[in-house]
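Since the structure comes first, as structure tokens, the remarks are kept for the end.
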Amino acid sequence: MRVSAAALLMAFSSPAGAAMTLHQFSDIALSVAGDRVAAVESDAEPNAPKRPAEHLAIRNARTGAVLATVSLCAGCRYNDPTFLADGRLFAIVKDGSKTRLILVDPSGKTTPLTTFEGIAQKPVVSPDGRSMAVLATFSAKKEAGATQAGVRQVGEIGEENDEQRIAIVPLAGGQLRPVSPADRYVYEYDWLPNGTGFVATSARGNGDNNWWIASLDRIDLASGGLTPIAAPKMQLNFPRVSPDGRTAAFIGGLMSDFGAVGGDIYTVPVTGGTPTDITPNYRGTFTSLVWDRNGLAASAVISDRTAIVPIDPVRGAANPLWSARVSMAADVAKFARSADGRVYAANIQDFEHPAAINVGPLTALRAITHDNDAWRSLVHAQSVSWKNDGYTAQGWLLSPVNASAIAKTPMVVTVHGGPSSATMPTFVWEAYRADLARAGYYQFFPNPRGSYGQGEAFTRANMRDFGGGDLRDILAGIDAVEKIAPIDDNRLGLIGHSYGGFMAMWSNTQTNRFKAIVAGAGLSNWISYYGTNGIDQWMIPFLGMSVYEDPDPYWAMSAIRTIRKAKTPTFIYVGERDIEVPPTQSIEYWHALREMNVPTSLVIYPDEGHAIRAPEHDLDLRRRTVEWFDRYLGKPAATAER
């Protein structure tokens with residue numbers, strides 16, 4: 001029997017029949033004194049037809065009690081709350097096409113600073129406390145980021161790009177004034193401690209595409225002049241300036257997506273020079289940086305754990321101050337800390353426990369929110385490590401809570417996007433992983449070579465080898481899982497999105513081990529992909545040269561080249577306005593499978609970008625995914641009669 005949308009909806013209900021809501025937290029900010037915490041909060045209902053309403057909440061950092069809330073309109077979206085030294089809160093409010101910048105006093109009373117057409121993010125207060133800098137895009141044609149739905153390609157192409165610039169607004173009120181050069185797209189920045197300017201990562205031209213070639217620059221506040229600091233052949237994230245203003249630090253490495261940060265920590269003089277890797281050969285991946293008067297600190301993924309690591313700018317990384325098998329997030333960095341460095345705050349969750357705001361010293365970090373305590377886990381999670389080709393890889397095995405300990409059960413393997421990324425623990429409550437857990441499937445989330453968590457050498461190990469060593473790692477990981485769980489090797493499924501979608505398409509031509517595949521926003525022909533996507537710069541660090549200079553490695557890893565070997569039924573989906581992986585890649589693969597008489601289905605979701613965001617599309621995708629695996633793997637025995 002197929003899983004219907006109604007059945008999925010009922011599965012989210014409490015025993016009494018009332019639908020539960022998951023309280024969601026994002027953009028965690030901690031006050032300077034460490035006594036209050038702010039967050040963007042909402043109550044999400046499973047399978048809701050629209051996004052939940054958001055509000056700002058200010059809480060007591062010791063008890064979690066709500067001290068004040070801000071809700072300016074039903075459809076308003078909030079981001080990046082930032083505490084000022086005087087206790088007020090700065091926040092960005094998106095209201096349709098307009099963005100409001102506001103101040104919130106401790107009682108919750110709001111004061112408008114300015115309103116403009118466009119979008120804003122990443123506020124940082126000036127060293128003198130009199131103004132706020134933000135990254136602003138005036139009259140933006142699309143949301144910032146390549147994963148968002150792209151502007152329709154009509155008219156003369158490539159002549160106009162959104163410009164994301166550093167802009168300043170006085171905290172006493174006034175106009176938002178751009179101060180960085182108009183011909184540079186700024187991705188991230190930090191104030192110079194003397195307030196005369198900024199250190200930033202920036203690039204000319206299309207902001208979605210050119211982050212991979214961004215440089216580290218110094219920008220003068222008064223003149224807007226830009227002086228290069230460094231332009232290393234790597235991707236840069238989290239520029240941070242030392243309290244004395246002499247040194248800039250950043251995370252540098254091989255990164256495939258802006259926002260999916262990972263690498264080593266580098267330092268370079270603010271006056272310019274050659275960056276120094278101060279964490280060479282570190283057996284983990286750094287993911288965010290904070291540099292204040294308490295010193296330099298970083299978050300890191302170390303195998304299956306998230307950690308907070310103190311960094312000496314000369315000697316490098318010390319032992320972690322805190323680590324756990326969780327996912328952690330705050331606002332810009334993965335954690336926030338008070339001005340004296342004694343109190344930390346972050347939103348923390350894992351596969352079995354929903355998100356909660358945690359606050360306290362790192363020796364006694366604890367949950368101060370309990371909105372989600374009533375949620376029961378759908379899975380049991382287990383970290384699995386294995387060796388292959390001289391590497392140690394890690395992944396996560398999720399078994400459904402109702403799984404039989406004896407009966408052989410089908411398993412679905414999920415390949416993460418990237419490839420420079422990692423699957424980390426997030427609460428299983430919605431999306432296809434929850435649907436599959438309720439249906440009784442085991443699930444495996446491998447982090448093969450190319451992933452974060454094992455050091456830069458491991459991340460770089462699939463350069464010019466997409467679908468080679470990483471696929472061997474995944475297959476070896478399945479072998480390791482089958483030794484500890486009752487998995488039916490004849491009923492394996494595979495699902496992936498983006499790079500994972502490529503791996504799903506590619507695996508179909510490399511192995512017959514999988515009996516059902518779901519490929520989301522996948523790449524089937526790297527030759528045609530290079531010339532039609534909106535972010536072609538991302539491939540150069542991985543493959544060395546463009547397809548026009550060296551087409552051989554691009555064609556070698558194209559599933560279309562080996563499509564005659566494909567036998568596995570494949571469901572394909574993609575967004576109509578995906579600029580990262582255009583829908584033509586999915587159409588080409590679907591067309592080829594049909595010609596090879598392989599069972600296939602293709603859905604192109606209207607107006608969607610690289611991620612499927614509209615609730616009605618997401619629910620449809622989830623339904624189709626479960627039905628596809630049920631059809632070709634057979635429902636797990638424990639749930640066959642549901």
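The values are calculated or read from the model by the stated rules, or taken from the named source; none is laboratory data. Computed from a predicted model, the values in this text were never measured in an experiment. Every residue, glycine among them, receives a Cβ derived from its backbone with ideal geometry; neighbour counts consider all protein chains shown. Heads up: the accessible areas ignore ligands, DNA and RNA and are worked out on the full protein's heavy atoms, side chains in. Shrake-Rupley method; radii C 1.70, N 1.55, O 1.52, S 1.80 Å.
Conditions (1) of a type in the set (A, V, I, L, M, F, W, C); (2) surrounded by fewer than 22 Cβ atoms within 10 Å (Cβ to Cβ); (3) out of contact with any Pro (no Cβ under 9 Å at 6 or more places or on another chain), marked per residue:
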site: Ala521; (1), (2), (3): yes, no, no
site: Ala559; (1), (2), (3): yes, no, yes
site: Arg564; (1), (2), (3): no, yes, yes
site: Thr570; (1), (2), (3): no, no, no
site: Glu576; (1), (2), (3): no, yes, no
site: Val603; (1), (2), (3): yes, yes, yes
site: Pro606; (1), (2), (3): no, yes, yes
### Summary
Listed by first then second residue, the pairs whose first member lies in the stretch 217-235 and is farther than 19 Å from Phe250 by Cα, whose partner is at pLDDT 95 or above and open to solvent by less than 60 Å² (accessible area, probe 1.4 Å), with beta carbons under 6 Å and at least 6 positions apart or on separate chains, are Asp220/Gly197; Leu221/Val179; Leu221/Gly197; Gly224/Val179; Gly224/Pro181
### Task
Return yes when Ala74 is at pLDDT below 95 and more than 18 Å from Trp429 (Cβ to Cβ) and no when it is not.
yes
### Query
Does the stretch 505-514 contain any residue that is open to solvent by 30 Å² or more (accessible area, probe 1.4 Å) and touching a Lys or Arg at 6+ places or on another chain (Cβ under 7 Å)?
yes
### Task
Write out, first by first residue and then by second, each pair whose Cβ atoms fall under 6 Å of each other, whose residues are 6+ apart or on separate chains, and whose first residue, in the stretch 363-377, is of a type in the set (Val, Ile, Thr) while the second is in a strand (DSSP E or B) and surrounded by 11 or more Cβ atoms within 10 Å (Cβ to Cβ).
Ile368/Ile357; Ile368/Val359; Thr369/Ala356; Thr369/Ile357
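Tally time: how many residues in the stretch 318-329 are touching a residue at least 60 places away in the same chain (Cβ under 8 Å) and over 13 Å from the mean Cα position of the chain (by Cα)? So that I can check it myself, show each step before the final result.
Residues of the stretch 318-329 touching a residue at least 60 places away in the same chain (Cβ under 8 Å): 325-327, 329.
Subsequent filtering for residues that are over 13 Å from the mean Cα position of the chain (by Cα) retains 325-326.
Here the count works out to 2.
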### Message
I'd like to know if the stretch 43-54 contains one or more residues that are under 19 Å from Asp331 (Cβ atoms) and more than 22 Å from the chain's Cα centre (by Cα).
### Response
no
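Quick one: which of Gly253, Gly259, Gly284 is touching a residue at least 40 places away in the same chain (Cβ under 8 Å), under 27 Å from Val581 (Cβ atoms) and either among the aromatic types (Phe, Trp, Tyr) or open to solvent by less than 10 Å² (accessible area, probe 1.4 Å) (or both)?
Values: Gly259 fails: either among the aromatic types (Phe, Trp, Tyr) or open to solvent by less than 10 Å² (accessible area, probe 1.4 Å) (or both); Gly284 fails: under 27 Å from Val581 (Cβ atoms).
Among Gly253, Gly259, Gly284, only Gly253 is touching a residue at least 40 places away in the same chain (Cβ under 8 Å), under 27 Å from Val581 (Cβ atoms) and either among the aromatic types (Phe, Trp, Tyr) or open to solvent by less than 10 Å² (accessible area, probe 1.4 Å) (or both).
If I go through the stretch 42-67 residue by residue, how many of them are part of a strand (DSSP E or B), over 20 Å from Ala431 (Cα atoms) and not hydrophobic (A, V, I, L, M, F, W, C)? Working first, answer last.
From the stretch 42-67, those part of a strand (DSSP E or B) are 42-44, 54-60, 66-67; that's our starting set.
Then drop every residue that is not over 20 Å from Ala431 (Cα atoms), which leaves 54-60, 66-67.
Checking which are not hydrophobic (A, V, I, L, M, F, W, C) leaves us with 54-55, 59-60.
Adding up the residues that qualify gives 4.
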### Task
Those residues that are in a helix (DSSP H, G or I) and within 18 Å of Ile517 (Cα to Cα), I need them from the stretch 554-582; list them, please.
Ala559, Ile560, Thr562, Ile563, Arg564, Lys565
### Query
Is it fair to say Asn237 is touching an Asp or Glu at 6+ places or on another chain (Cβ under 9 Å), open to solvent by less than 30 Å² (accessible area, probe 1.4 Å) and farther than 27 Å from Ala297 by Cβ?
no
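Residue under question is Thr114, and the condition is that it be of a type outside the set (Gly, Ala, Ser) and open to solvent by 20 Å² or more (accessible area, probe 1.4 Å); does it hold?
On the way: of a type outside the set (Gly, Ala, Ser): yes; open to solvent by 20 Å² or more (accessible area, probe 1.4 Å): no.
No; evaluated as a whole, the condition is false for this residue.
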### Query
Any idea how many residues of the stretch 608-642 are acidic (Asp, Glu), surrounded by 18 or more Cβ atoms within 10 Å (Cβ to Cβ) and either out of contact with any strand residue (DSSP E or B) (no Cβ under 8 Å at 6 or more places or on another chain) or at pLDDT below 95 (or both)?
2
### Task
Take the stretch 515-553 and flag every residue that is aromatic (Phe, Trp, Tyr) and part of a helix (DSSP H, G or I).
Trp526, Tyr529, Tyr530, Trp538, Phe542
### Task
List every residue pair whose Cβ atoms sit under 6 Å apart, with the two residues 6 or more apart in sequence or on different chains, where the first one lies in the stretch 450-471 and is open to solvent by 30 Å² or more (accessible area, probe 1.4 Å) and the second, anywhere, is hydrophobic (A, V, I, L, M, F, W, C).
Arg460/Leu254; Met463/Phe542; Arg464/Leu543
### Message
Looking at the structure I just gave you, is Phe138 of a type outside the set (A, V, I, L, M) and within 23 Å of Ile357 (Cα to Cα)?
### Response
no
### Query
Restricting attention to the stretch 218-225, does a residue exist that is of a type outside the set (A, V, I, L, M), open to solvent by 10 Å² or more (accessible area, probe 1.4 Å) and touching an Asp or Glu at 6+ places or on another chain (Cβ under 9 Å)?
no
### Query
How many of the residues making up the stretch 384-419 are in contact (Cβ under 8 Å) with a residue 12 or more places away in the chain, open to solvent by 30 Å² or more (accessible area, probe 1.4 Å) and either touching a strand residue (DSSP E or B) at 6+ places or on another chain (Cβ under 7 Å) or on the phi > 0 side of the Ramachandran plot (or both)?
6
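Within the group Ala330, Ala336, Ala345, Ala298, which residue is within 15 Å of Asp264 (Cα to Cα) and crowded, with 22+ Cβ neighbours inside 10 Å? Lay out the reasoning, then the answer.
Values: Ala330 fails: within 15 Å of Asp264 (Cα to Cα); Ala336 fails: within 15 Å of Asp264 (Cα to Cα); Ala345 fails: within 15 Å of Asp264 (Cα to Cα).
On inspection, the qualifying residue turns out to be Ala298.
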### Query
Which one of Val104, Val125 is on the phi < 0 side of the Ramachandran plot, buried (at least 21 other Cβ atoms within 10 Å of the Cβ), of a type in the set (A, V, I, L, M) and over 22 Å from the mean Cα position of the chain (by Cα)?
Val104
## Note on the structure
Checked the stretch 51-71 for anything surrounded by fewer than 20 Cβ atoms within 10 Å (Cβ to Cβ), modelled with pLDDT of 95 or more and basic (Lys, Arg); matches are Arg62
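From the list Arg366, Arg376, pick out the single residue that is over 20 Å from Trp322 (Cα atoms) and open to solvent by 30 Å² or more (accessible area, probe 1.4 Å).
Numbers: Arg366 fails: over 20 Å from Trp322 (Cα atoms).
One residue alone meets the criteria, Arg376.
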### Query
Of everything in the stretch 348-363 that's among the aliphatic types (A, V, I, L, M) and out of contact with any Leu (no Cβ under 9 Å at 6 or more places or on another chain), which residue is surrounded by the fewest Cβ atoms within 10 Å (Cβ to Cβ)?
Ala356
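Being assigned to a loop (DSSP other than H, G, I, E, B), more than 21 Å from the chain's Cα centre (by Cα) and of a type in the set (D, E, K, R) is true for just one of Arg218, Arg283. Which residue is that? Talk me through it step by step, then tell me what you get.
Working: Arg218 fails: assigned to a loop (DSSP other than H, G, I, E, B).
When all the criteria are applied, what remains is Arg283.
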### Task
Sort through Asn194, Asn206 and tell me the only one that's more than 25 Å from Ser451 (Cβ to Cβ), modelled with pLDDT of 95 or more and open to solvent by 30 Å² or more (accessible area, probe 1.4 Å).
Asn194
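Would you tally the residues in the stretch 23-50 being among the hydrophobic types (A, V, I, L, M, F, W, C), within 22 Å of Leu621 (Cα to Cα) and open to solvent by 20 Å² or more (accessible area, probe 1.4 Å)? First the steps, then the outcome.
Kept after step one, since they are among the hydrophobic types (A, V, I, L, M, F, W, C), are these residues of the stretch 23-50: 25, 28-30, 32-33, 37-40, 44, 48.
Next cut, within 22 Å of Leu621 (Cα to Cα) only: 44, 48.
From the residues that got through so far, the ones that are open to solvent by 20 Å² or more (accessible area, probe 1.4 Å) too are 48.
The total comes to 1.
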### Message
Test of understanding: among Asp488, Asp536, which residue is open to solvent by 10 Å² or more (accessible area, probe 1.4 Å), in contact (Cβ under 8 Å) with a residue 24 or more places away in the chain and under 26 Å from the mean Cα position of the chain (by Cα)?
### Response
Asp536
